[in-house]
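A short write-up of the structure that comes next.
Values in this text are rule-based calculations from the coordinates and carry no lab data. In this text the structure is predicted, and so the values were computed from the model without any measurement. Here Cβ is always computed from backbone atoms with ideal geometry, including for glycine, and neighbour counts include all displayed protein chains.
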Amino acid sequence: MTALLAATRAVHFGSSLLVFGGIVFALLVSAPAWRRGDARGFAPEVVERRLRAVLAWALAASVVSALVWLALEVPLMSGEPLEEAIAGPTLGIVLRDTWFGRVLTARALLAAALWIGFAAGSRGWASRGSLLAAGAYVALPALAGHAAGGRGVEGALRVATDMVHLLAAGAWVGALPGLVLALSTARRDGAERTLGYAGRATRRFSTLGAISVSALVASGVGNSIYLVGSWSALIDTRYGMLLVAKLALVAAMLALAAVNRTRLAPRVGRGDARAARSLARNALLETAGGVAVIAIVGVLGITVPAEHASHMRLHSDTSRAIIPHSSPAHRHG
Amino acid sequence: MRRALAAAWVALGLAWSAHASAHAFLDHASPRVGSTVHGSPADVRLWFTEELEPAFSTLSVQDAAGKRIDKGDARVIEDTIQVSLPTLAPGRYTVKWRALSVDTHVTEGDFTFEVAP
């Protein structure tokens, strides 16, 4: 059950990040990289058309996985079987009276708006409006995630930090597939002006990536303060060590990005098709790095945060506490 | 290329599978866990590490025979849950709680306290 829940959330978050990142790429990276006067059928149009198709599928996957997630969560949260929960008032209570349900309902409306945008036209799907809607779509889960549940100013700050983290992840890792698409299209096309577009897009992506990664790291540190709690916990706990591994991977990805984009991007812009191929491959490598980072995040997600590990130890003697439906490692007392 | 990307994205999701999940653990209680109180307490109150969802968090108190004796008016206020008690006879009582945190995770547990004359 835990594995199914994890897989469902996996598909959901992966596809949600892709929807947002794809719009970011189309609007902020690809479109400005066009040159005025470029003819129809020009590679950027092809790239954006393909991207729109990918994003439509991603949005569909995101919605379907959200429904599965809801179906799995309702029995877990309420303790009632799904059939009873749907027949009675419980489903409504979940949707109305829990943060999880409210966030899901709001995001369903955003998904509908995004879908209309995707379906409406080949031109308007990547707009400021859709960027806003997709940003809200990606950021709202912070209200029902680990950062939620705090109180007052501190609680609001935790949620805000987590929202920045989600948006930054979307703008960087979520936009990488767009870059891969642009570079591979340019490489196959091979024309000088296409490679010029690809070079400019890569440069813009680098700038955007630098901002996103800075925000990602800063907000990640902010999140960690609440979840790790102390420097010693970084070494003492499993959670802490996983976090250190994650950070090391991110550093490696950044090194890869820096080296390749300062070396390869200018060559692509000057019409070097082979550089475009190398750059495409490296962007894919970066995506793989991102996947590995998120894999660690996945394990982090089912590991009791270091800050709370002490609570489990403290209360196992005097108070028998169990966590239903989680791994056996968490049961005690 | 396209298929590799798709696989990467599913895997990426698999990883994002649950950005850290903090459960609501019992922080402290009144009467204190395992304690002996002199005189009958007016209520049982539990403090948690996270904010709770009122809709699905529960609290009840049983006597030594397993019979429920609280007033059934359990209410959640942010990160606490409390229930009122009638006048209790001396003896051991068991508090049973189920907490749903705002981030959808359920914890449950129980502890005892003694009422001394």
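Annotations for the structure displayed:
- As a proxy for reagent exposure, B:73, A:189, A:236 were ordered by neighbouring Cβ count within 10 angstrom, fewest first; the result is B:73, A:236, A:189.
- Taking other Cβ atoms within 10 Å as a rough exposure proxy, A:197, A:226, B:93 sort from fewest to most as A:226, B:93, A:197.
- For residues of A:91-101, the mean tally of beta carbons on other chains within 10 Å: 3
- Normalised contact order of region B:34-117, rounded percent, pairs of Cα under 8 Å and 6 or more residues apart: 38
- Amide H contacts of residue B:25 (H built 1.01 Å from N, under 5 Å, at least 5 apart or other chain): B:49, B:50
- FRET efficiency for residue B:28 and residue A:191, using Cβ-Cβ distance with R0 set to 60 Å, rounded to 0.05: 0.30
- Arranged from fewest to most other beta-carbon atoms within 10 Å of their beta carbon, A:143, A:183, A:51, A:132 become A:132, A:143, A:51, A:183.
- Per residue of peptide B:50-57, the mean number of Cβ atoms on other chains within 10 Å of the residue Cβ is 6.
- Principal axis dimensions, region A:177-277 - Cα atoms, whole angstrom, descending: 55, 20, 19
- Normalised contact order of region A:6-160, rounded percent, pairs of Cα under 8 Å and 6 or more residues apart: 27
- Across region A:98-120, the residues whose backbone nitrogen lies under 19 Å from the label position 7 Å along the beta-carbon direction of residue A:71 are A:101, A:104-105, A:108.
- Averaged over the residues of A:12-18, the number of partner chain Cβ atoms lying within 10 Å of the residue Cβ comes to 5.
- If R0 is taken as 45 Å, the Cβ-Cβ distance between residue A:225 and residue A:97 corresponds to a FRET efficiency of 0.90.
- Using the Cβ-Cβ distance between residue A:274 and residue A:153 with R0 set to 45 Å, the FRET efficiency from 1/(1 + (r/R0)^6) comes to roughly 0.25.
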